[in-house]
1. How far is the Cα center of the stretch 95-128 from the Cα center of the stretch 151-182, in Å?
2. Which longest uninterrupted range of the chain lacks any GluC sites (Glu not before Pro) assigned by DSSP to a loop state (not H, G, I, E or B) and surrounded by at most 11 other Cβ atoms within 10 Å?
3. Can you give me the P(r) profile for the stretch 53-142? Cα pairs, bins 5 angstrom wide beginning at 0, each as a whole percent.
4. Measure nothing but the geometry: give the 0 to 90° angle between the long axis through the Cα atoms of 13-27 and the longest principal axis through the Cα atoms of the chain, rounded to 10°.
5. For the chain, modelled as a GNM with alpha-carbon contacts under 10 angstrom, which of 56, 132, 89 fluctuates the most?
6. Count the net charge of all other residues whose Cβ sits under 15 Å from the Cβ of residue 82, scoring Lys and Arg as +1 and Asp and Glu as -1.
7. List the residues, sorted by chain then number, that are 5 or more residues from residue 48 or on another chain and whose placed amide H is less than 5 Å from its amide H.
8. From the helices alone, meaning DSSP H stretches of at least four residues, give me the mean residue ellipticity at 222 nm for the chain, per-run term -39500 (n - 2.57), in deg cm²/dmol to the nearest 500.
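The values are calculated or read from the model by the stated rules, or taken from the named source; none is laboratory data. As the structure is a computational prediction, the values presented were derived from the model and not from experiment. Cβ placement follows ideal geometry from the backbone for every residue including glycine, while neighbour counts extend to all protein chains displayed. Just the protein is used for accessible areas: all its heavy atoms, side chains included, with ligands, DNA and RNA removed. Shrake-Rupley method; radii C 1.70, N 1.55, O 1.52, S 1.80 Å.
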Amino acid sequence: RAQIPLFATHESAAFIIDVLRTYLSKHFADRTTMHGVFMDILGLGVLITGESGLGKSELGLELISRGNGLVADDAVDLYRINQTTIEGKCPELLQNLLEVRGIGLLDIRAIFGESAVRRRMRLKLIVHLVRKETMERDYERMPYEPLTQDVLGVPVLKVVVQVVAGRNLAVLLEAAVRNTIL
């Protein structure tokens, strides 16, 4: 009658408070969308970024064929779910899809199976792909300190990888992930 919501449950108050806190923190989380390919590489959430045409999606396809998982291609929805954690997922319209120039849209789930896609991952590493000219001009070969990138107020580790013909980027990315895990 007073237009005040009332919840009743047989569950304990502590349990309900935990459930509501998790739900409300996700529902009201700071959010943004970034351009890139978001992958589960060896259990680590990795966002591959770089300018258009560098081969991010093709690299994602190679990583999927090596047993890693796709979260999102092209647009990644990112949410800060607490003070130190960023979670990413795919916009609903693009779920399971990877666009490869010259081939078109690939349904990764249909081609590689359910184990090749993930619904969401926590962002732990950003791998930024750059052309040789950009690398020589704007980035150090051996950074003095680990690089980070601010995403929604949370510093995320960042690695810059130069794209040059003949380099096996999938192996380099997996090595960067293993190094981050260590």
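1. The distance from the Cα centre of the stretch 95-128 to that of the stretch 151-182 comes to 17 Å.
2. Between the exposed loop sites, the longest stretch runs 12-139.
3. 3, 12, 20, 21, 17, 13, 9, 4, 0
4. On a 0 to 90 degree scale, this one is about 40.
5. Maximum among the listed residues: 132.
6. Its environment carries a net charge of +4.
7. The answer is 37, 38, 39, 127.
8. Numbers: 5 runs with 50 residues, N = 182.
After summing the helix terms and dividing by the residues of the chain, the value is -8000 deg cm²/dmol.
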